[in-house]
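The values are calculated or read from the model by the stated rules, or taken from the named source; none is laboratory data. Worth saying up front: this structure is predicted, and the values here are computed from it rather than measured. FYI the Cβ positions are ideal-geometry reconstructions off the backbone, even for glycines, and counts take in every protein chain you see. SASA here: full protein model, heavy atoms, side chains in, ligands and nucleic acids out. Shrake-Rupley method; radii C 1.70, N 1.55, O 1.52, S 1.80 Å.
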Amino acid sequence: DGALEGLLSNNPAVGYLVGHGERALNDNQNGAGVFRNLSSDLYDFIEINLGKDEIPPGIKTMIINGPKSPIPEEELYALDQFLMRGGSLMVLADPYEIVQTQNAPPSYLPINHGLTGMFSRYGIELERNILLDKNAYTVRQQFGEMPLYYVPMLGKESLDQEHPVTRNLGQVAFFAASSLNRVENPPAEVDLRVLARSSGEAWTMEENIDLNPMGMSPPADSDLRSYPLMILAEGYFPSFFDGPL
């Protein structure tokens, strides 16, 4: 049994949520295979389908990576209670699913993963937008350089240099990511810390998403600002649910 092997391993076992279109751990092309391979010496990833199984007692961290369909309320409750018991959640939530069809520009379909309300309760607003940044990855073409504004490049000045998660990172690229925000009245016992943010020359696209770099230009400087892209929440979290389901 894969879960049992992981729990008996010398490496810490990390739960990986499946069952809602998450990025596949064994897919090196479009999934999380590269991430898994880079981390395999440190962690054992255990796929957990909460529609069938409970989170094993030895799991202290759960990863939610790119769900594309709604996570049912019963599974959200299991994740909420896992957090209440002192577990940790690492969440990477895409705002849109990029659908590419032949001989047509890509379309961007909003994803309803069901996590927005729960994380708002914890103090973090998952925005539905695409963040664009003047400080972006640039491709060289015959006619010159073309910035891909939807691939922000974050240098050390955009990363929290005091926190162990980000202090040793040199440069980080985000691809078609959404911005995050703090809710107006976050829980008093939850500490929210921005670990990564865009440059001060960023903006967002929320409607009629079109990331074709040809002809794309930033808005006026007065409309540009910095946006959080990674937020760490620590402390005592209030439950998203009023009581047991």
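Observations
- Screening ARG140 with (1) modelled with pLDDT under 95; (2) open to solvent by less than 90 Å² (accessible area, probe 1.4 Å); (3) over 21 Å from PRO106 (Cα atoms) gives one miss only, at (2).
- Filter pass, ALA220 being loosely packed, with under 15 Cβ neighbours inside 10 Å and of a type in the set (A, V, I, L, M, F, W, C): yes
- Residue list for segment 224-245, restricted to those being touching a strand residue (DSSP E or B) at 6+ places or on another chain (Cβ under 6 Å) and either hydroxyl-bearing (Ser, Thr, Tyr) or surrounded by fewer than 15 Cβ atoms within 10 Å (Cβ to Cβ) (or both): SER226, TYR227, GLU234, GLY235
- Wholly within segment 90-131, strands (runs of 3 or more DSSP E) carrying at least 1 residues that are open to solvent by 40 Å² or more (accessible area, probe 1.4 Å) and over 25 Å from GLU74 (Cβ atoms): 96-99, 107-110
- Candidate set: segment 132-151, residues that are in contact (Cβ under 8 Å) with a residue 40 or more places away in the chain and assigned to a loop (DSSP other than H, G, I, E, B); chosen: the one farthest from THR204 (Cα to Cα): ASN135
- Restricting segment 152-176 to residues that are aliphatic (A, V, I, L, M) and open to solvent by 20 Å² or more (accessible area, probe 1.4 Å), the residue that is nearest to GLY200 (Cα to Cα) is MET153.
- Within segment 86-99, the presence of at least one residue that is over 16 Å from LEU232 (Cβ atoms), in contact with a Phe, Trp or Tyr (Cβ under 8 Å, 6 or more places away or on another chain) and free of Cβ contacts under 8 Å to residues at least 60 places away in the same chain is confirmed.
- Residue match in segment 178-198 (condition: acidic (Asp, Glu), closer than 20 Å to GLU127 by Cβ, touching a residue at least 40 places away in the same chain (Cβ under 8 Å) and surrounded by fewer than 19 Cβ atoms within 10 Å (Cβ to Cβ)): no
- Scanning segment 14-45 for residues that are free of Cβ contacts under 8 Å to residues at least 12 places away in the same chain, exposed (fewer than 14 other Cβ atoms within 10 Å of the Cβ) and either under 17 Å from VAL91 (Cβ atoms) or touching a Pro at 6+ places or on another chain (Cβ under 9 Å) (or both) gives no hits.
- Selected residue (only one of ASN11, ASN65 is of a type in the set (S, T, N, Q) and open to solvent by 30 Å² or more (accessible area, probe 1.4 Å)): ASN11
- Looking only at segment 227-243, and only at residues there that are part of a loop (DSSP other than H, G, I, E, B) and touching a residue at least 40 places away in the same chain (Cβ under 8 Å), the one that is farthest from LEU109 (Cα to Cα): TYR236
- For segment 161-179, residues that are part of a loop (DSSP other than H, G, I, E, B) and either over 17 Å from the mean Cα position of the chain (by Cα) or among the small types (Gly, Ala, Ser) (or both) total 13.
- All positions within segment 78-89 that are more than 15 Å from the chain's Cα centre (by Cα), open to solvent by 40 Å² or more (accessible area, probe 1.4 Å) and within 19 Å of ILE124 (Cβ to Cβ): GLN81, MET84, GLY86
- Residue within segment 46-58 that is under 26 Å from ALA176 (Cα atoms) and either open to solvent by less than 20 Å² (accessible area, probe 1.4 Å) or in contact with a Pro (Cβ under 7 Å, 6 or more places away or on another chain) (or both) present: no
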